[in-house]
1. Please compute, for peptide A:555-565, the average count of beta-carbon atoms on other protein chains lying within 10 Å of each residue's beta-carbon.
2. For B:Gln408, place a label point 7 Å out from Cα along the Cα→Cβ vector, do the same in each other copy, and report the separations in nm, one decimal, smallest first.
3. Taking each residue in A:271-283, count the Cβ atoms of any other chain within 10 Å of its Cβ, then average. What number comes out?
4. Only four residue types carry charge here, +1 at the Cβ of Lys and Arg and -1 at the Cβ of Asp and Glu. Report the dipole size of segment B:408-559 about the Cα centre in Debye, rounded to the nearest 20.
5. Non-local amide H neighbours of A:Ile82 (under 5 Å, H modeled in plane, Pro and chain starts lacking H): which ones?
6. Pull up all non-local amide H partners of B:Asn186: gap of 5 or more, or a different chain, and H-to-H distance under 5 Å with H placed in the peptide plane.
7. Taking all protein chains together and a probe of 1.4 Å, list B:Glu545, A:Glu411 from the most accessible to the least accessible.
8. Could you compute the net charge surrounding B:Val502? Neighbours are other residues with a C-beta less than 13 Å from the C-beta of B:Val502; K and R count +1, D and E count -1.
Number of protein chains: 2
Amino acid sequence: MLKHREETYAAISPPIPDPPKDLPSNVTELPAQLLSKDVVSITESLVEDLLSKLCSGKLTSTAVTTAFLQRAGLAGKLTNCITELLPQRALDRAKSVDTYLTEHGKPIGPLHGLPISVKEHVGMKDLDLNAGFVSWVGRVSPDDALILKLLWRAGAVFYARTTEPQTLMHLETDNNIYGVTTNPYNTALTPGGSSGGEGALLGTRGSCLGIGTDIGGSIRGPAANNGVFGFRPTTYRLPVAGWSATMLGAEHIVAVIGPLSTSLEGCKIFMRTLLEQQPWLIDPSLVQLPWKDSSHKTLLRTDSTGRRKLRVGVLADDGIVRPHPPILRGISTLTSKLRNHPDIETVEFPPYKHDEAWSILSALYFADGAAEEKAAVEASGEPWRPLSKYIIDEYTDTKVRSINEIWQLTEQREAYRAAYTRHWNSIGTSVPGPEAETRGYHEELRALEEKESMVDVILTPTGPGCAPPHDCARYWGYTAQWNLLDYPCMVFPTGLQQEPGVDDVETGYVPRNEHDRYNDELYEPEVYRDAPISLQLVGRRYEDEKVMEALEFLLEAAGMSTVAPRPSNL
Amino acid sequence: MLKHREETYAAISPPIPDPPKDLPSNVTELPAQLLSKDVVSITESLVEDLLSKLCSGKLTSTAVTTAFLQRAGLAGKLTNCITELLPQRALDRAKSVDTYLTEHGKPIGPLHGLPISVKEHVGMKDLDLNAGFVSWVGRVSPDDALILKLLWRAGAVFYARTTEPQTLMHLETDNNIYGVTTNPYNTALTPGGSSGGEGALLGTRGSCLGIGTDIGGSIRGPAANNGVFGFRPTTYRLPVAGWSATMLGAEHIVAVIGPLSTSLEGCKIFMRTLLEQQPWLIDPSLVQLPWKDSSHKTLLRTDSTGRRKLRVGVLADDGIVRPHPPILRGISTLTSKLRNHPDIETVEFPPYKHDEAWSILSALYFADGAAEEKAAVEASGEPWRPLSKYIIDEYTDTKVRSINEIWQLTEQREAYRAAYTRHWNSIGTSVPGPEAETRGYHEELRALEEKESMVDVILTPTGPGCAPPHDCARYWGYTAQWNLLDYPCMVFPTGLQQEPGVDDVETGYVPRNEHDRYNDELYEPEVYRDAPISLQLVGRRYEDEKVMEALEFLLEAAGMSTVAPRPSNL
């Protein structure tokens, strides 16, 4: 596979520049030094700006695709984030899209000619589909995944496939086929996982829009660690048919597919373009819920004077593992900017038994005792990667479950979801929380009367720190919590980065438990230098649109950017 | 329990009349002879008419509730459809609703004072919750089921609880607590099940709106067999929290809750009233999909001239068990009336592997080898009812499944759903069906281009015959098919009834298989005398509103009624 990858690198024209032998720790500024000004300009453009130029013919898809192929190749050499480039099919596609515009005088679709990168385990016709297992190398996808067909129909160009970890169940990215993917901001750190190839590729601007997947944080960790936007939709909104993974029939905890992008708008365009096609007409697993692309006015609450108000719950610490100083700085920087805004209310959102959430997840993740993962790893005799062993043997309560146990655990999951809903509804209202003595008949129905007073979205970390050193991403709580609850989540860069001297260790902290101790001991300011500080905005189930609208609104209100910081100053 | 039931009967005032000793086979006309004119007039009113009078104060809830208590008691004596009446709490509630109207000059909610009957296994605070198992008698519900709280909030009065079969997994209604419930149109026949108590109660007009549940036909069989409307919504639209049953955590095939009513509008009011309350704010299992209460114009297709067209697929025979003559007469009567309507197109909708659908269902229904049902039955030593034994031992492929088997079966279910979608999309279009050789790239996406040409709804039987004799409801295919696909279904009476002489046996028919033979041999015209002929309209997943709108439209187009025929001529 490595040979094949080199061949696809070699087929890129103009050739991918060779990085210098002695790489700096932070490689994000190298591409601007090594690539032509035009290539840098194109590849550091945002989805929305590229589309505007592509649709009007100011840029050809061939030019844009050529630029991204070159920069993705360079990103691959810098961070090992690529499994293969697709110059032939991408340029063929770009050419046909360009021809369409010339012949018809209009774009082929809303994504006219836009290059999109794709995580490897999302199937592409006639290409390898190994999902990070050595024994699966050589499995070939008979067809494109449905999401790719829909994006293609909208005009997209697929040009790069990206790395993922063994088992897909790491919050990092390493496997025995391609090795370890690194973080472009600091190559001693992980880009996160499992969509870490996407994360690192976007971090180096080898892509402006990529496809990741997420069952415990796999879109969000990589987006956060690489300082870009990433969106985990509610389940069954986007089609997953045609991907490859273990445990495909499992419904207890459901994996989703979603975008990473250098702009908030890029994620929104991705969602809108897919849902406007009414994919539920061909994929019956999808909820028939059109994308509500409305203004803030309809999605956000209005008070009695008709004034728009956004109520943001702030959950800075989940009560189990306290985030590192830069994360707490990110939260406090943002909330202090929001606090006095007339259209925004911030309110403390205490965690509700996030440890119980993990114990349910932990029993449900590998409900067959990880039989499928073990079979896939042992079939080739490849070694277990450290985080594969950790997740199965240490971190989760992995056992072969009977069907009755699964039903009981599913009931526990539903009870926890219901309790969390009551918790949410109780904050700032008179609705009784899950632990409250109820004082009368039908009291939880007060939520229906007081919905205008309830929290709209939760602002919370994406992890217990910035991108950790390799093999150290052991705590899933800040992302997996929302998988259990099936809440939509948007990860966004704050524009801040970790800085030793600013984000120093707090002395004398007494850890709460072993996870907290591990995380606390992990933090050494110098190790995390330059790591982006990202946060997460979380909404109620199915309120995907509201999360995006709310994020746009609050970033603007805070005077912060809705686009990721550009690595170069072009 | 029988003693308790008698006590609740005895508490009704004015007293429930005693039926004559020698009951006719068809008891539907008896209540009008035994009850006062006022009681008959109220109880034979439709939901929409009662609400109009209740909300304006023309009728008090006390009067309406008193009338329904009396008629429900009589229905219970005639068909054994009641587990208990609730005179005290119903009349207390009615009184408080009446007081509200007097004091506030406006109704308390959209269901102001309306009596609603409820299947027993839907929990009511402090009342028994036995779900048809002897060993569960004495289990008391700690709270009202969420759906009851929401209906209560809208103004409803709960006054009667209805019977269900042992295991809840019969298409009939008999258990060892209350015995056998009979069909009011012909007491030698079954009212269907598992919501057969509701069916029989509505058939005798002891209720105009009731709550049933459905995992394989349990709302629809009873509605069909008793000549009323019944609606099986898509899963996760209405809240089921607070019911009692075995296999509560199972997600492979999901049971739903829904209405039975003497009018189409009654079912619509039920759905609208619940969904307008935004129940997803308190129940996170629900899809956040508001009720689209629009006119036909937005739900039905328009052609290029802007003309409204409804395309009805007709699936008269599932290819496995041929329906009895009255059912085929029902289908042909209706389709012949529709065929020349300018706004309607009918097209043959061939079945697609309904036997495969059953084999998947059959493996998934009792995935723990029916361990929970066996435990519940064996705990008391009660005898197995014939259809309990049949469903577990004969009709389904009941085994203890491993979690990996469940995942495989779930994948099969998803593949079947996807294939059925392609089948649906292919009818009358150039979209390749599931078996077709595809001739090019991304061909199934044509469905997105040709959606205006696709079938809107499927017209099909509700069962392989009218209400069968007791212990003979053995074929689930015509209803369970749509549970597997999770399609919304509305059952409606055609206004026709089985008539010996009209619906005679066709001679010389060669059965296709054992199920077909059993059904064929079951048909003797005299046995089914007076049984209502009902049909089913089926829509795509989540198109619940469209099914109701389409049914209204096509019944009106055919000159047929959107209300159930009145048993008396008052």
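The values are calculated or read from the model by the stated rules, or taken from the named source; none is laboratory data. Every value quoted in this text rests on a predicted model; they were computed, and no experiment measured them. Here the Cβ is made from the backbone with ideal geometry for all residues, glycine too, and neighbour counts use every protein chain on show. Accessible surface areas use protein heavy atoms only, side chains included; no ligands, DNA or RNA. Shrake-Rupley method; radii C 1.70, N 1.55, O 1.52, S 1.80 Å.
1. 0
2. Values, ascending and in nm: 2.6.
3. Taking the mean over all residues of the peptide, I get 3.
4. For segment B:408-559, the charge dipole is close to 480 debye.
5. A:Thr163
6. Close amide H contacts, sequence-distant or interchain: B:Val27.
7. Sorted descending by solvent-accessible area, the residues read A:Glu411, B:Glu545.
8. Local net charge: -4.
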